[in-house]
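Student: A single structure is presented below for examination.
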Amino acid sequence: MSTTWQPDRYAALADAFGGLVRADRADTVLVHAEATVALEAVATSLAAPGTTALNLVSSPYGTLFGDWLAHGGTTVIPVTAADGRAIDVAEVRSALRAEPGIGVLAVVHAEVITGVVNPIDEIVALAREHGAIVVTDAVAAVGGLALNPDVDITVLSPQKALGGLPGLAAVTVSPAGWAALAKRADPRAPESVLSLTGLRRRWLDTGRVTIPGIPSTLDLSAAEETLEAVAREGVDARIARHVLARDAVRAGIRASGLRLWVAEDAQANSLATTVAVPPGIPAERLAARAGSLGAPWTEGIGRTHGKLLRLDHYGARARFDAVLAGVLALARAAGELGVATDPGAAAAAAAAAWAAGVL
Ligand SMILES: *Cc1c(COP(=O)(O)O)cnc(C)c1O
């Protein structure tokens with residue numbers, strides 16, 4: 001792979017990221033760092049005293065985003081999802097009604113940590129009615145779920161469902177998103193790598209003739225390869241493969257006798273499946289046993305620690321063998337620890353669901 005980067009190649013890479021959102025009029029800027037840095041850039045660029053944001057929290061990522069906004073002077077109103085559930089649209093509606101000054105709504109589209117997908121289309125529609133711009137963390141969702149093209153600011157990165165590496169992120173910004181950023185920018189602030197308006201000035205406003213900063217060309221080249229592979233597969237086919245993985249894991253877990261953490265199918269995302277740890281079983285022992293049987297079930301993070309295990313099935317892991325091994329290993333591991341499970345039925349149900357999706 002060539003690691004010589006000129007502005008036109010850099011612009012094409014940005015456009016390839018932007019194309020995944022399918023927004024008509026959005027620009028795409030690249031952030032030369034992991035996705036968390038891009039999220040911090042969005043939050044610090046949007047934060048300003050005298051502004052109010054509705055922050056929908058369904059994992060520690062949402063909490064952190066709200067903390068960044070609040071640190072920058074924004075009044076942050078949180079709406080928190082219940083365990084095992086997506087953000088409640090009715091709660092969003094009443095929070096918006098209660099506070100006419102909300103100018104920004106922030107939400108994580110899909111959560112790898114909990115396995116939840118938030119009802120992004122309804123949330124965006126409510127924000128539109130209210131006149132608030134919408135920011136989404138689509139780091140996990142992109143490539144695994146259809147994105148909402150009307151979102152104003154979308155953060156993307158290659159390392160989850162796109163199957164790439166974490167060294168680069170992209171942010172799409174709509175005209176309304178730029179207007180909100182411009183209104184909130186502090187004219188006295190020094191130049192900052194976290195400033196989206198700074199990126200705009202140094203990249204878009206120059207007519208994309210000068211690469212802003214000194215990116216890691218290895219990371220650019222890796223991301224380019226990732227997006228080429230996604231284009232070869234077709235993003236819709238890739239999304240369908242992820243959805244199939246979800247359906248097969250969920251069918252298998254249901255048949256095993258274990259309990260899905262996200263009870264409602266419509267609230268379960270296609271990136272990771274979470275399973276409730278059976279009462280009386282130490283989560284770490286269950287994870288270790290499943291691991292030794294060949295499947296990487298990992299423990300919950302933050303509030304869900306000890307309560308759930310999760311299987312990532314995004315990127316290269318959205319495949320039948322990985323899904324089948326995951327279901328079988330967890331059912332067997334739980335059985336060995338004294339939980340009544342049926343590994344054979346679990347494997348058969350996962351296989352049947354996969355077959356139903358591809359045949
Ligand atoms: C993985 C993930 C991130 C963090 O990405 P990093 O590149 O590891 O910083 C942020 N948000 C969501 C929803 C994620 O799944």
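Student: Cβ-Cβ under 8 Å, sequence separation 6+ or interchain: first residue in the range 81-95 and closer than 11 Å to residue 118 by Cα, partner assigned to a helix (DSSP H, G or I) and at pLDDT 95 or above. Which pairs?
Tutor: 85/267; 86/267; 87/123; 89/122; 89/123; 89/126
Student: Something else: Looking at 216, 256, which is the one that is of a type in the set (Ser, Thr, Tyr) and either assigned by TED's automatic domain parsing to the domain that holds residue 89 or loosely packed, with under 14 Cβ neighbours inside 10 Å (or both)?
Tutor: Details: 256 fails: either assigned by TED's automatic domain parsing to the domain that holds residue 89 or loosely packed, with under 14 Cβ neighbours inside 10 Å (or both).
One residue alone meets the criteria, 216.
Student: Please go through the range 120-145 and pick out each residue that is more than 16 Å from the ligand (Cβ to nearest atom) and not basic (Lys, Arg).
Tutor: Filtering the range 120-145 down to residues more than 16 Å from the ligand (Cβ to nearest atom) leaves 121-122, 124-133.
The answer is 121, 122, 124, 125, 126, 127, 129, 130, 131, 132, 133.
Student: Still on this model: In the range 22-52, which residues are within 17 Å of the chain's Cα centre (by Cα), within 19 Å of residue 104 (Cα to Cα) and acidic (Asp, Glu)?
Tutor: 40
Student: Another question about this same structure. Filter the range 262-276 for residues that are more than 16 Å from the ligand (Cβ to nearest atom) and touching an Asp or Glu at 6+ places or on another chain (Cβ under 9 Å) and give the result.
Tutor: 265
Student: Please go through the range 292-326 and give me each residue that is in contact with a Phe, Trp or Tyr (Cβ under 8 Å, 6 or more places away or on another chain), within 14 Å of residue 350 (Cβ to Cβ) and of a type outside the set (A, V, I, L, M), ordered by number.
Tutor: Within the range 292-326, 320, 326 meet the criteria.
Student: OK, next. Counting just the residues of the range 151-160 that are in a loop (DSSP other than H, G, I, E, B) and closer than 14 Å to residue 28 by Cα, which one comes out farthest from the ligand (Cβ to nearest atom)?
Tutor: Pass one, the range 151-160, residues in a loop (DSSP other than H, G, I, E, B): 151-152, 157-160.
Pick out the ones that are also closer than 14 Å to residue 28 by Cα and you get 151-152, 157.
Details: 151: 14, 152: 18, 157: 5 Å.
Residue satisfying both the conditions and the ranking: 152.
Student: Conditions first: (1) buried (at least 21 other Cβ atoms within 10 Å of the Cβ); (2) out of contact with any His (no Cβ under 6 Å at 6 or more places or on another chain). Residue 320 passes all but one, so which condition is the exception?
Tutor: (1)
Student: β-branched (Val, Ile, Thr), more than 16 Å from the ligand (Cβ to nearest atom) and farther than 18 Å from residue 178 by Cα: is that true of residue 63 in this structure?
Tutor: On the way: β-branched (Val, Ile, Thr): yes; more than 16 Å from the ligand (Cβ to nearest atom): no; farther than 18 Å from residue 178 by Cα: yes.
Spelling it out, it is not the case that residue 63 is β-branched (Val, Ile, Thr), more than 16 Å from the ligand (Cβ to nearest atom) and farther than 18 Å from residue 178 by Cα.
Student: Where residues in the range 98-126 are more than 15 Å from the chain's Cα centre (by Cα) and buried (at least 24 other Cβ atoms within 10 Å of the Cβ), which of them is farthest from residue 77 (Cα to Cα)?
Tutor: Once the filter is applied, the top-ranked residue is 123.
Student: Separate question: Tell me the residue from 107, 79, 89, 57 that is at pLDDT 95 or above, over 16 Å from residue 154 (Cβ atoms) and within 13 Å of the ligand (Cβ to nearest atom), please.
Tutor: 57
Student: Same structure, new question: Consider the range 273-307. How many of its residues are within 15 Å of residue 334 (Cβ to Cβ), in a helix (DSSP H, G or I) and among the hydroxyl-bearing types (Ser, Thr, Tyr)?
Tutor: 1
The values are calculated or read from the model by the stated rules, or taken from the named source; none is laboratory data. What you are looking at is a predicted structure, and each value in this text was computed from that prediction instead of being measured. Here the Cβ is made from the backbone with ideal geometry for all residues, glycine too, and neighbour counts use every protein chain on show.
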